[in-house]
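> The structure's right below; bear with me while I get my questions together.
Taken together, the values in this text are just the output of simple stated rules run on the coordinates, not laboratory data. Note that the structure is predicted; figures quoted are calculated from it, not measured. Cβ atoms come from the backbone with ideal geometry, glycine included; neighbour counts cover every protein chain shown.
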Amino acid sequence: MTTPPSRPGSAVHDARAARHSYSAEVLERLSADAEQILAKYPEARSALLPLLHLVQSEDGYVSPAGIAFCADVLDLSRASVSAVATFYSQYKRHPNGEYTVGVCTNTLCAVMGGDAIFDRLSDHLGVGHDETTDDGKITLERLECNAACDYAPVMMINWEFFDNQTPGSAVETVEKLLAGEPVKPTRGADSVATFKEVSRVLAGFDDGRADEGEAAGPATLVGLELARKNDWRAPAGRTEQAAEHEAGTEPVGDTGSSAERKPQAPADTSPSGPTAGDDSDAKGSGKEGSA
Ligand code: FES
């Protein structure tokens, strides 16, 4: 496939001239992809998150070359790009496995067996949290809640759901991954894509699989079905009150809530808070006379 040329004078075009450790072929391909991503955002800087996923789809992690690429494309410092990449746990700072096996060990999953699943997988694979097997196949992670508590304990493989797991079922699944066999999530997509493939989707390049399988299963819909069966509805009074709040005709907050608290500091009345040299700090804070 021929890579479309970048526009002369564009940020991506300039980035191509910058120094990278990417080969000319890879740089050309990433630059063409970056052009498509940038076109979606009125502010170029807003494209940083998908661009980080893009370089992850190339390298399997946010590499130094990837940091440099993002910085040059967006005219940011490498430190600024690194600051964002280190903030979000979905960006990996060292080479990730082909599959991220994440075990939810948040409260509900933990008490339902998540801790036992993680410990068993850790023993079986010989790796701990955020570590990768020697063959580069699996990175094991402890995950926070995946909003799938109704199927606890939950394991995610490259962010596909494996519900109602046991230590035995989890080991069985990772054995298939290690053997190069396909595994099927219990909900959603029919198969699990590789970490690099998923990273490309997260960068904004649709793989056409978003609507595969069911998303909300029976356990998730129990509350909705109960509400329908019993004709439960949101209280009308609250709905009207919310509308009044939106229209600005009703004070925000319930009686006695913090919304009714008398202003005690400048930040209570000014979103920007106190500024240097503003003597209203002392007046508003009640600290006058305390010095
Ligand atoms: S606690 Fe595990 S999915 Fe919510």
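> Assigning unit charges at the beta carbon (Lys, Arg +1; Asp, Glu -1) and nothing else, what dipole magnitude in debye, to the nearest 20, does segment 11-87 show about its Cα centre?
Working: 6 positive and 10 negative charges, 34 e Å.
Roughly 160 debye for segment 11-87.
> Taking 7 Å along the Cα-to-C-beta vector as the label spot, tell me the residue 78-residue 176 distance in nanometres, rounded to one decimal.
4.2 nm
> Compute the distance in nm between two label points, each set 7 Å from the Cα along the Cα-to-Cβ direction, one at residue 45 and one at residue 29.
The two pseudo-label positions are separated by 3.1 nm.
> Among 220-227, 136-143, 69-76, 106-113, how do they line up from the highest to the lowest mean number of other beta-carbon atoms within 10 Å?
On the way: 220-227: 11.6, 136-143: 20.2, 69-76: 22.5, 106-113: 17.0.
For the peptides 220-227, 136-143, 69-76, 106-113, the packing ranking is 69-76, 136-143, 106-113, 220-227.
> Also, I was wondering about something else. Gap in Å between the Cα centre of segment 70-120 and the Cα centre of segment 22-69?
Taking the Cα centre of each part, segment 22-69 and segment 70-120 sit 19 Å apart.
> Moving to a separate point now. Among the listed pairs 40/184; 40/92; 40/196, which have their C-alpha atoms separated by more than 28 angstrom in this model?
Working: 40/184 33 Å; 40/92 24 Å; 40/196 22 Å.
The answer is 40/184.
> Further question: Using a Förster distance of 22 angstrom, determine the FRET efficiency expected from the C-beta separation of residue 123 and residue 94, and round it to 0.05. Provide the component values of the computation, followed by the final result.
Working: r = 22 Å, r/R0 = 1.02.
Taking R0 as 22 Å, the efficiency between residue 123 and residue 94 is 0.50.
> At 0.36 nm per residue, minus the direct Cα-Cα distance, what do residue 225 and residue 131 gain on full extension? Give it in nm, one decimal, please.
Working: separation 94, 0.36 × 94 = 33.84 nm, distance 4.17 nm.
Value of the extension gain: 29.7 nm.
> Please state the shape class of segment 99-195: rounded when a/c is under 1.5, otherwise prolate if a/b exceeds b/c and oblate if not, all from the C-alpha gyration tensor. If you can, show how the numbers build up before the last one.
On the way: a/c = 1.67, a/b = 1.19, b/c = 1.41.
Here segment 99-195 falls in the oblate category.
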